Amino acid sequence: MRRILIAVVFLLPLPAQSAEPGKFASLTPKEIAEGWILLFDGKTTFGWTSPNASGWTIVDRLLAPQAEKPGLLVTTTVWSDYDLSLEYRTNNPKAFRVLLSTDAEGRQDDRARTVSSLTGSSGGWVRMRLGCRGGRVHSHSEEFGGGGVAKKTEASNDAPPMQGHIALAGNGFIVRNIKLRPLNTKPLLKGKILDGWKKYEGDKARAKSTFSVTKEGWLSVKNGPGDLQTQDQWANFVLQLECKTNGERLNSGVFFRCLPGEYQMGYEAQIHNGFSDPPGKEYTLEVYDPKTHTLKEKRKERFTALDYGTGAIYRRQPARFQMAKDREWFALTVAAQGRHLATWVNGVQVVDWTDNRPLTANAREGCYLKKGPISIQGHDPTTDLVFRNLRLAELPPAEKK
């Protein structure tokens, strides 16, 4: 029966990159609060690429390589220290491998960072957990379900500090529930005061927001416009936070790689829970050549987001669907490394975008790769939001090409 299941999965077609959000995989509220995000949304291969053009099939939140060639699927995002968890099923213990610290093509400098299937697996589901901290990789696998005998394996190795993409490789396996939690994040909000933050005061007309820390230790933003910037600066990082809007379709955002002391001058991860069904807003998306950085085309595309949507890179890439609601806490993750930017809302990836524009002096005009503050936006007089659990971990610089 297990062999029949695998064969059927291989024969079904690969879905398109868009889908209904209600049918995606999900995390528990506890996992979201702990910082876990989904690398596989259960419906699409969004956030992954196949350098060898191997085919992949998705059915009922299960992901499997097609049999025509060796399967290779690589995350578009680079990760440093993290916990990784996934579940897989195979009849061949040599069929499935997880490759850590690869380049964008899925290549490794150190094969010791390959984690193979559970030896002696009987074909039942296996849960694999990997802990990647500094140069140390710790793996733990346990078989559960499928009628097999439960088995555990543990392994670890030491190597130079790891950084890179994550890849799935092999044939004859099914995988599901792929999730990751960034490690070594440091709090950006400490205690009950705005220590380490500075409010923009350069223009009174743009300095109307009230920024304060509530008795719960949340960052409150009311009125607007306004801009609150960190005194520290980062270029490559993973930022995680939770936010709640206290009104309908309020507008705010989290800026990064900002120009210090200048008003909202950076990339913006949008906060706006205005969406329509069906997709009713048409956006003009600019497509730049990744090698020459010249404009190739302007493509029109419809989205459900009415103003780019929560998790969007504002004015650059709308969120692909709604994952947050007004008056409810939601989690936002932003990963920025070199030209590549990605966002997750409540653990589901909504943006995967590479800024191929020419390099310029600020992110509003082109690609900007230098360090800059993180800033919180007060948009207008209706602004009323709270933020909590703001934390950040640095990523290594992008590889030079």
Residue ID - surrounded by the fewest Cβ atoms within 10 Å (Cβ to Cβ), chosen from residues in the range 68-97 that are modelled with pLDDT of 95 or more and among the β-branched types (Val, Ile, Thr): 76
Taking the range 170-180 as the search range and keeping residues that are outside any loop (DSSP other than H, G, I, E, B) and at negative phi, which one is farthest from the chain's Cα centre (by Cα)? 173
Qualifying residues in the range 292-320 (those that are hydroxyl-bearing (Ser, Thr, Tyr) and open to solvent by 40 Å² or more (accessible area, probe 1.4 Å)) - the one farthest from residue 365 (Cα to Cα): 292
Restricting the range 321-331 to residues that are part of a loop (DSSP other than H, G, I, E, B) and closer than 20 Å to residue 47 by Cβ, the residue that is most open to solvent (accessible area, probe 1.4 Å): 322
Subset of the range 236-254 (residues that are open to solvent by 10 Å² or more (accessible area, probe 1.4 Å) and within 20 Å of the chain's Cα centre (by Cα)): 236, 242, 244
Tell me yes or no: at least one residue of the range 291-308 is closer than 21 Å to residue 255 by Cα, of a type in the set (Lys, Arg) and part of a loop (DSSP other than H, G, I, E, B). no
Being in a strand (DSSP E or B), more than 22 Å from the chain's Cα centre (by Cα) and closer than 20 Å to residue 181 by Cα narrows it down to one of 98, 115, so name that one. 115
State yes or no: is residue 64 at pLDDT 90 or above, outside any loop (DSSP other than H, G, I, E, B) and more than 26 Å from residue 392 (Cα to Cα)? yes
If you go through the range 335-366 one residue at a time, how many are hydrophobic (A, V, I, L, M, F, W, C), open to solvent by less than 30 Å² (accessible area, probe 1.4 Å) and not in a strand (DSSP E or B)? 1
Examine the range 101-111 for a residue that is at pLDDT below 80 and part of a strand (DSSP E or B), and state whether such a residue exists. no
Taking the options 114, 76, 102, 57, name whichever one is within 30 Å of residue 330 (Cβ to Cβ) and among the β-branched types (Val, Ile, Thr). 76
Which one of these does residue 399 not meet: (1) among the charged types (D, E, K, R); (2) assigned to a strand (DSSP E or B); (3) at pLDDT below 95? (2)
From 100, 62, which residue is among the hydrophobic types (A, V, I, L, M, F, W, C) and surrounded by 22 or more Cβ atoms within 10 Å (Cβ to Cβ)? 100
Pairs under 7 Å by beta carbon, first residue part of a helix (DSSP H, G or I) in the range 29-58, partner open to solvent by 20 Å² or more (accessible area, probe 1.4 Å), six or more apart or different chains? 32/346
Do we find that residue 260 is farther than 26 Å from residue 34 by Cβ, open to solvent by 70 Å² or more (accessible area, probe 1.4 Å) and at pLDDT below 95 in this structure? no
If you take the residues of the range 181-191 that are part of a loop (DSSP other than H, G, I, E, B) and not hydrophobic (A, V, I, L, M, F, W, C), which of them is most open to solvent (accessible area, probe 1.4 Å)? 190
Some residue of the range 128-142 being in a loop (DSSP other than H, G, I, E, B), at pLDDT below 95 and either under 27 Å from the mean Cα position of the chain (by Cα) or within 27 Å of residue 345 (Cβ to Cβ) (or both): yes
Only residues that are in a strand (DSSP E or B) and at pLDDT below 60: list them for the range 143-155, please. 152, 153, 154, 155
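The values are calculated or read from the model by the stated rules, or taken from the named source; none is laboratory data. Since the structure is predicted, the reported quantities are computational estimates derived from the model, not experimental observations. Virtual Cβ from ideal backbone geometry, glycine too; neighbours counted across all protein chains shown. Heavy atoms of the whole protein, side chains included, go into the accessibility calculation; ligands, DNA and RNA do not. Shrake-Rupley method; radii C 1.70, N 1.55, O 1.52, S 1.80 Å.
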